[in-house]
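What follows is a short report on a single structure.
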Amino acid sequence: MKKAVFVYSPEQLGYKFSDTHPFNHKRLTLTMDLLKNIGALDDVDIVPARIATEEELLLAHDPKYIEIVKNAGHGKLSEAQCASYGIGTEDTPIFENMHEASAQLVGGTLTAVDCVMEGKAQHALNLGGGLHHGFRGRASGFCIYNDSTVAIRYLQEKYNARVLYVDTDAHHGDGVQWSFYEDPNVCTLSIHETGRYLFPGTGNITERGNGQGYGTSFNFPIDAFTEDESFLEIYEKAMREVFEFFKPDVVLTQNGADAHYFDPLTHLYGTMNIYREIPKLAHKLAHEYCDGKWIAVGGGGYDIWRVVPRAWSMLWLEMTDQKIPTGALPQAWLDRWQPEAPVPFIPTWEDPNPLYEPIPRKAEIEEKNAQMLEKALHIIRTEKRS
Amino acid sequence: MIVEEIMNDEPYTLAPTNTVLEALKLMRERKVRHLPVIDNERHVLGVITERDIKEALPSSLKDEPNSPVFSAMVEEIMIKNPLVGHPLDFVEEVALTFYEAKIGCLPIVSGGKLVGIVTTTDLLYTYIELTGATEPGSKIEIRVSDTPGVLFEITKIFNLHHANVQSVLVYPDSENTQNKILSVRVKTLNPLAIIEDLRQEGFDVLWPNLPGVSL
Ligand SMILES: [Zn+2]
Ligand SMILES: [Zn+2]
């Protein structure tokens with residue numbers, strides 16, 4: 001069995017709103033090129049992403065909505081006609097063949113699921129996926145179809161699996177959370193910048209699930225300006241305790257890379273350290289609890305030059321047990337892409353230290369996050385004692 | 001918004017002759033903390049709260065199931081002739097009543113009969129809905145001078161970006177009484193272009209600032 005497969009098809013690059021839109025899957029090209037430059041990604045590791053069938057999309061979406069996406073992408077609808085479906089807005093403009101491109105991202109995550117569940121590989125990565133804001137009948141926050149929701153339903157139906165979904169994107173994983181809010185066999189865990197200012201505004205610790213699913217949604221909203229140590233403390237404690245509580249058969253991680261200091265859309269102060277540590281622990285726990293069954297997808301990440309390629313490379317390196325490099329990035333990669341980049345690259349795997357001016361009231365932010373963690377995990381901790 | 005739109009119009013009730021133990025049981029089963037007490041014609045006689053019951057129990061007897069308080073009738077410890085509201089009251093007025101009278105619930109009466117109940121929880125939920133936090137969106141706060149026409153200038157910019165505004169709240173600025181803080185929730189993941197245009201027009205956008213650091 002392979003350690004891991006890298007799911008990718010060039011058609012995934014068709015998910016493109018415009019040249020100026022912040023969501024830009026050129027990230028995939030940049031990441032793969034970086035990995036190839038250090039000899040860490042071989043053609044035999046790459047598995048083509050299939051396209052999700054309509055039946056599969058129906059696991060998570062309304063037929064009417066799928067129809068709208070299809071027609072919009074084939075030039076048959078005006079913006080006004082699809083605005084109530086979240087399509088044709090500034091966030092999610094209409095683009096040609098938007099249904100096909102979106103279904104290709106979902107298909108990639110399903111390919112990853114099959115590779116892991118059929119025993120072809122222990123882990124699988126689809127960086128084109130992770131579109132966690134998609135709703136049943138509405139596009140939201142750059143996301144048309146929700147690949148993780150489809151994949152989790154698929155895991156339930158085809159493999160009868162108990163799934164833990166872990167979301168470390170800087171935004172709350174609302175679409176996935178609401179899909180499984182009443183389902184006791186899917187646990188969602190999201191760490192994100194508080195919704196005080198940031199989209200989508202949800203993800204409060206009090207959102208714990210409903211009915212049968214009460215107690216299987218976990219939210220860890222951290223303060224704007226949170227730095228590495230506090231982020232990782234929350235992540236590590238949350239992960240260990242939720243894995244132990246839920247004991248999943250398989251784990252699906254969403255690896256948005258927008259919690260970095262450079263990310264233009266959020267206000268967290270993460271550095272490359274968190275992108276080295278996040279997959280490391282997910283990997284370890286997947287082996288401990290899930291017999292290795294780990295599917296990883298991409299997500300947000302809007303500094304596509306300085307942040308995402310390095311962050312996502314480290315994810316693949318971790319999945320394949322390759323050493324995380326230190327020091328200089330390959331010169332050939334820097335030379336190839338610097339002319340296109342609007343910002344100077346960080347030329348090393350690590351971020352410069354310090355990356356930013358010290359934060360006033362750092363200790364209070366850490367204290368507040370620690371208090372939040374206590375409250376969010378209280379429900380498991382008290383159950384354990386009794 | 002009027003009370004009718006947010007009240008619970010099927011409240012659980014007690015008769016004056018129910019015992020305190022029965023009241024407590026109903027509260028626990030239904031997960032409520034306040035119960036109106038009514039007669040056969042649904043006239044409101046009083047209100048009994050979980051707190052009133054706890055206070056009526058001598059502290060040494062709190063866990064004592066045979067305390068005489070439990071077998072007493074609710075009319076003995078209920079608040080008689082409580083404040084009541086009307087279905088057509090404005091929610092803001094009711095909120096003020098809650099705050100000033102320090103109460104946790106208000107029976108709603110029309111034609112002399114109980115028709116509903118409003119609690120602080122209902123009011124809080126209404127407030128949460130008012131701030132728009134139940135729909136995905138980003139929040140932008142803008143410090144503006146307290147002069148006519150400012151809101152128009154700002155909404156023009158939102159309109160330019162086809163941004164769907166979910167809610168607008170206006171707060172007093174704690175630092176300067178000449179100013180107001182406008183808190184706008186807008187349905188977008190990417191408010192950067194709007195923020196840039198607002199700043200270009202000279203508006204002071206607070207999104208978000210370092211804690212304790214004034215801009
Ligand atoms: Zn994000
Ligand atoms: Zn492994």
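The values are calculated or read from the model by the stated rules, or taken from the named source; none is laboratory data. Model, not experiment: these values are computed from the prediction. Cβ sites come from the backbone with ideal geometry, for glycine too, and all protein chains shown count toward neighbours. Quick note on the areas: whole protein, heavy atoms, side chains included, nothing else; ligands and nucleic acids left out. Shrake-Rupley method; radii C 1.70, N 1.55, O 1.52, S 1.80 Å.
Listing for the model above:
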| quantity | calculated |
| --- | --- |
| Structure-based [θ]222 nm, chain A - -39500 (n - 2.57) summed over DSSP H runs of at least 4, per residue, nearest 500 | -12500 deg cm²/dmol |
| Whole-Å semi-axes of the protein assembly as shown's equivalent ellipsoid (Cα gyration tensor) | 48, 29, 24 |
| Which listed pairs, of A:Lys16/B:Lys180; A:Lys16/A:Lys76; B:Lys31/B:Lys180; A:Lys247/B:Lys139; A:Lys247/A:Lys375, have C-alpha distances above 30 Å, in listed order | A:Lys16/B:Lys180; B:Lys31/B:Lys180; A:Lys247/B:Lys139 |
| Overall dimensions of segment A:235-386 by Cα: Rg and Dmax, Å | 17.7, 61 |
| For segment A:209-254, size of Cβ-based charge dipole, Lys and Arg +1, Asp and Glu -1, in debye | 340 debye |
| Accessible area (Å², 1.4 Å probe, nearest 10) - A:Glu340 | 100 Å² |
| Size descriptor, Kirkwood hydrodynamic radius, that averages inverse alpha-carbon separations across chain B, Å | 20.7 Å |
| Segment A:94-195: proportion of alpha-carbon pairs further apart than 20 angstrom, % | 37 percent |
| Partner aspartates and glutamates for B:Lys156 [C-alpha distance under 17 Å; skip if fewer than 8 residues away on the same chain] | A:Glu90, B:Glu141, B:Glu196, B:Asp197, B:Glu201, B:Asp204 |
| Segment A:211-272: radius of gyration over Cα atoms, expressed as a fraction of 2.2 N^0.38 Å | 1.31 |
| Segment A:296-340 versus segment A:76-103: alpha-carbon centroid distance in Å | 31 Å |
| Local electrostatic count, B:Ile117, Cβ distance below 10 Å [Lys/Arg +1, Asp/Glu -1] | -3 |
| Heavy atoms of B:Arg33 accessible to a 1.4 Å probe, total area in Å² rounded to 10 | 120 Å² |
| Between segment B:1-58 and segment A:151-209, the alpha-carbon center distance in angstrom | 37 Å |
| Solvent-accessible surface (1.4 angstrom probe) belonging to A:Glu233, in square angstrom, nearest 10 | 80 Å² |
| Convex hull volume per residue for segment B:25-117, taking Cα atoms only, in Å³ | 110 Å³ |
| Counting all C-alpha pairs of segment A:142-238, share separated by more than 16 Å (%) | 56 percent |
| Sequence of B:Met7, B:Met73, A:Met1 from largest to smallest accessible area, 1.4 Å probe | A:Met1, B:Met73, B:Met7 |
| With Cα atoms, 0 to 90° folded angle of helix B:150-160 axis to chain B main axis | 70 degrees |
| Estimated FRET transfer efficiency when R0 is 25 angstrom, pair B:Arg30-B:Tyr125 (beta carbons, to 0.05) | 0.90 |
